[in-house]
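*Asks:* Dropping the structure in here first, questions after.
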Amino acid sequence: MSESAAETTTAIASEMIYPSSDVIERARLKDWDALARYAADNLEGFWADEASELGWYQPWEKVLDDSNPPFFRWFVGAKCNIIHNALDRHQATERRNKLALIWVGENGSVRTYSYFALNREVNQFANVLKAMGVKKGDRVTIYMPRIPEIVIAMLACAKIGAVHSVVYGGFSVDALQGRIEDSESKVAITADGGWMNGKVVELKKTMDEAVKHCPTIETVLVVQRTGHQVNMETGRDYWYHDLMKLPIASPKCATEVMDADDPLYMLYTSGTTGRPKAILHVHGGYMVGIYATLKYVFDLRDDDRWWCAADPGWVTGHSYIVYAPLIMGATSFMYEGAPTYPYPNRWWSLIEKYGINVLYTAPTAIRGLMRFGESWPHRHDLSSLRLLGSVGEPINPEAWRWYHRVIGGGRCPIMDTWWQTETGMFMITPTPVVPLKPGSGTRPFFGQEAEILDEAGNPAPDEEEGYLVLTKPWPAMMRTIYKDPDRYVRQYWSKYPGKYLAGDSARRDKDGYFWIIGRVDDVIKVSGYRLGTAEIESALVSHPAVAEAAAIGLAHEIKGQAIHAFCILRQGYQPSPALADELRTHVGQHLGPIAKPEAVNFVDKLPKTRSGKIMRRVLKARAQGLPEGDVSTLEE
Ligand code: PRX
């Protein structure tokens, strides 16, 4: 299961980069060890302290109920709503006039929202949703570009106790349709399009296709972003801006009182075989977990401008664009489009122009921008930056050093945060005062413990690769898989009973630092995006030429991993470069451009176990010219 990242990281494992005295002086938390010890000895006390910094309608009777693992409950008996902390609380303070959001469109449009203005628009839209029949507990599908209304839509759902299900705008018809069907949403929210690389992404068109087969959808709300012509179906489709002008869109709306463990959102993600599953997060524990992690790790202050450059459609955006920065009362920056549009200095010019203090992004973006050379960032004054962040995949030391030296001017520590859709919050991460090693996320967050286990469940020796597990519950943890609690238990808590199986391989070095190597299941991380082999394969076999297909991830210089597909053709079809291209396009159209395979190879047979399971591991070894490992179960 090892990849080249492991080799490169070993070589530099001993190199420590210490924070400067400026960084330490400014840090809110100076003594990492003391807090780590306190949280280790007093897990509930630590989280209760953090929770007390937030607002609750009714306090909890018990911090953690672990009587029915792995169905942990946090802040039992408490009443709250994440919106009370993200918006309501600030209205009574001077923060109401502070900027909550600065947004820049790819085409140059700019919009800003104060906490007051954001609250007002969220209230209005919450009332619109209510008028459309959305009630507490109802699921609402959101399929939108990176524009302020996606944030508003999510917050409005949370406000009235509806459960949002955001589908990333880079997904296409099949993915969207499957997620709407599974969630049984009655209302979907989309836009006429979004700008990306100078082109309009036709979200409404995709939504139209998807809802053709989704009988639960009664209403589609459409935000006007690009102004180009889209189909609006009478009685089903309504313009956001039309509804927001009506008396139903009153700017006053009471925030729904929720139990701490009531659902906040579901987010589909790929795992081992089968359809993507909906990870369910809740109001109470989640808000505490994301608040505490953003506070300690990125140390946001009132005068900071925070830019999490992810998409709101993924968990990084949910936790650290939409919810946590608002809970902290921070000013967030959001940019709609591509980092290289129209030139590779777009991000750097935005940092300069808006005085961004913290940039949080993915290694793939760094590698992508690195290839254009240093002269692009050097044209800009990036001295406002004081911290950098990385997430989504292992960051190779070369990219780490470039990010640190060229973007961070050698003075900004890089917070390499390891976490997952399922964990909701950072799990293995430094804080600004922790000495860093390029490529390592350092150690578990306060109150957390991680272990590396071998196949049999024994702790792996230092420096040896094994399965990464987490051994303590944490408040932002997923509560279940929507409609499939058995799968939640099976997938995450069964291999090593009582321990959370992350699905990653990793190793721990002699200093206790963790090094993530990569997924050990059927997940491929393409440019940090999480895709399941099953989804890609089913898109391939939906083409009439393909009888059977297998997809694997192979190392790619910029994307981290790229998808390579292997197809057995049906009788009557001949392999050709044109057919390979057609299949790539087919996957792109059905699943999404992010899932388009790098290469499609035609084969006569696929390596399978005797029970018929494709051995992707063997395909991968063959493609890399590596030994095939244990092939005793191979049927060939
Ligand atoms: O493989 C790990 C990788 O991303 C996976 C989780 O993907 P997702 O649920 O889409 O969430 C991504 C953003 C939180 C993990 O199992 N991963 C995430 N962060 C890191 C990482 N790998 C190495 N280093 C990281 N910092």
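*Asks:* Once ligands and nucleic acids are excluded and a 1.4 Å probe is used, how much of residue 455 is accessible, expressed in Å² to the nearest 10?
*Replies:* In the full protein context, residue 455 sits at about 120 Å².
*Asks:* Here's another thing I want to ask about it. For labels at residue 634 and residue 556 in the simple 7 Å Cα→Cβ model, what's the distance in nm?
*Replies:* Going by the 7 Å Cα→Cβ label model, 2.7 nm.
*Asks:* Quantify how much of the Cα-Cα distance distribution of segment 248-389 extends past 18 Å, in percent.
*Replies:* 64
*Asks:* For 531, 280, write out the residues from largest to smallest accessible area, computed with a 1.4 angstrom probe and no ligands counted.
*Replies:* My answer, sorted largest first, is 280, 531.
*Asks:* Once amide H atoms are built 1.01 Å from N in the peptide plane, which residues 5 or more positions from residue 546, or in another chain, come under 5 Å H to H?
*Replies:* Close amide H contacts, sequence-distant or interchain: 570.
*Asks:* On a full-extension model of 0.36 nm per residue, what is the gain between residue 49 and residue 371, subtracting their alpha-carbon distance, rounded to one decimal in nm?
*Replies:* 111.4 nm
*Asks:* Please work out the C-alpha center-to-center distance from segment 614-636 to segment 178-205 and express it in whole Å.
*Replies:* After rounding, the separation between the Cα centres reads 39 Å.
*Asks:* If you don't mind, another one. When the helices in the chain are scored as -39500 (n - 2.57) per DSSP H run of 4 or longer and the sum is shared across all residues, what 222 nm value do you end up with, to the nearest 500 deg cm²/dmol?
*Replies:* Computed mean residue ellipticity for the chain: -8000 deg cm²/dmol.
*Asks:* Taking every DSSP beta bridge with both residues inside segment 116-226, roughly what % is antiparallel (nearest 5)?
*Replies:* Looking only at bridges with both residues in segment 116-226, the antiparallel portion is about 20 percent.
*Asks:* With labels modelled as points extended 7 Å from the Cα through the Cβ direction, what inter-label distance (nm, one decimal) is found for residue 384 paired with residue 604?
*Replies:* 6.2
*Asks:* Which percent, to the nearest 5, of DSSP beta bridges fully inside the chain are antiparallel?
*Replies:* Counting only bridges with both partners in the chain, antiparallel ones make up about 60 percent.
*Asks:* Additional query: Work out the length of the dipole vector of segment 481-634 about its Cα centre, built from +1 on the beta-carbon of each Lys and Arg and -1 on the beta-carbon of each Asp and Glu, and round it to the nearest 20 debye.
*Replies:* It comes to approximately 460 debye.
*Asks:* Give me the distance in nm between label points sitting 7 Å out from Cα along the Cα-to-Cβ direction at residue 29 and residue 57, one decimal.
*Replies:* With each label point 7 Å from Cα toward Cβ, the separation is 3.0 nm.
*Asks:* Sorted by accessible area (1.4 Å probe), largest first, how do 609, 141, 112 line up?
*Replies:* Order by accessible area, largest first: 112, 609, 141.
*Asks:* Give me the aspartates and glutamates in straight-line cross-link reach of residue 525: C-alpha distance below 14 Å, same-chain residues under 8 apart excluded.
*Replies:* In chain and number order, the partners are 3, 393, 504, 535, 557, 598.
*Asks:* Another question about this same structure. So how do 417, 633 rank on accessible area, 1.4 Å probe, biggest first, that is with the largest at the start?
*Replies:* Ranked list, largest accessible area first: 633, 417.
*Asks:* Now, a different point. If eta is 1.567 mPa s and T is 4 °C, what Stokes-Einstein diffusion coefficient results for segment 395-503, Kirkwood Rh from Cα pairs, in µm²/s?
*Replies:* Stokes-Einstein gives a translational diffusion coefficient of 83 µm²/s.
*Asks:* Moving on. Can you send over the carbon and sulfur percentage of the accessible area for segment 424-503, probe radius 1.4 Å, protein chains only?
*Replies:* Within segment 424-503, the accessible surface is 50 percent carbon and sulfur.
*Asks:* Now a separate question. Can you work out ³J(HN,Hα) from phi for every residue in segment 451-462, in order, using Karplus 6.51 cos²θ - 1.76 cosθ + 1.60 and θ = phi - 60°, giving whole Hz and x for Gly and Pro?
*Replies:* For segment 451-462, the Karplus curve yields 9, 10, 10, 8, 3, 7, x, 8, x, 6, x, 3 Hz.
*Asks:* To the nearest 10 square angstrom, how much accessible area does residue 15 have with a 1.4 angstrom probe?
*Replies:* 60
*Asks:* Name the residue farthest towards the positive end of the dipole of the chain from the options 424, 195, 501, assuming +1 on Cβ of Lys and Arg, -1 on Cβ of Asp and Glu, about the Cα centre.
*Replies:* Towards the positive end, the residue furthest out is 195.
*Asks:* Any idea of residue 465's accessible area? Nearest 10 Å², probe 1.4 Å.
*Replies:* In the full protein context, residue 465 sits at about 60 Å².
*Asks:* Given R₀ = 35 Å, what would the calculated FRET efficiency be for residue 494 paired with residue 302, taking r from the Cβ atoms and rounding to 0.05?
*Replies:* 0.20
*Asks:* About the Cα centre of segment 212-350, how large is the charge dipole given +1 on each Lys and Arg Cβ and -1 on each Asp and Glu Cβ? Please answer in debye to the nearest 20.
*Replies:* About 360 debye.
*Asks:* Charges at C-beta only: +1 for Lys and Arg, -1 for Asp and Glu. How large is the resulting dipole of the chain about its Cα centre, in Debye rounded to 20?
*Replies:* Dipole about the Cα centre, nearest 20: 1260 debye.
*Asks:* A follow-up question, please. Which whole-number value in Å² is the accessible area per residue of segment 151-207, probe 1.4 Å?
*Replies:* Counting only protein heavy atoms, the per-residue value for segment 151-207 is 22 Å².
*Asks:* With r defined as the distance between the Cβ atoms of residue 71 and residue 568 and R0 fixed at 45 Å, what FRET efficiency is calculated, to the nearest 0.05?
*Replies:* Using R0 = 45 Å, I get an efficiency of 0.60.
*Asks:* Show which lysines lie in cross-link reach of residue 245 when reach means a straight Cα distance below 18 angstrom and same-chain residues fewer than eight apart are skipped.
*Replies:* In chain and number order, the partners are 130.
*Asks:* Per residue, what accessible area does segment 447-585 have, given a 1.4 Å probe and all protein chains present, in Å²?
*Replies:* Accessible surface, normalised per residue, equals 39 Å².
*Asks:* Please compute, for the alpha-carbon atoms of segment 258-317, the extent along each of the three principal axes and give them in descending order in Å.
*Replies:* Cα spread of segment 258-317 along its principal axes, largest to smallest: 45, 30, 16 Å.
*Asks:* Whole number please: convex hull volume per residue, Cα atoms of the chain, in Å³.
*Replies:* Taking the convex hull of the Cα positions in the chain, it is 155 Å³ per residue.
*Asks:* Past 20 Å, Cα to Cα: identify those pairs from 295/499; 98/353; 30/295; 79/159; 499/608; 186/252, in the order given.
*Replies:* Pairs exceeding 20 Å: 295/499; 499/608; 186/252.
The values are calculated or read from the model by the stated rules, or taken from the named source; none is laboratory data. Since the structure is predicted, the reported quantities are computational estimates derived from the model, not experimental observations. No Cβ is skipped: glycine too gets one built from the backbone with ideal geometry, and neighbour counts run over all protein chains shown. For the accessible areas, the whole protein counts, side chains as well, though only heavy atoms, and no ligand, DNA or RNA atoms are used. Shrake-Rupley method; radii C 1.70, N 1.55, O 1.52, S 1.80 Å.
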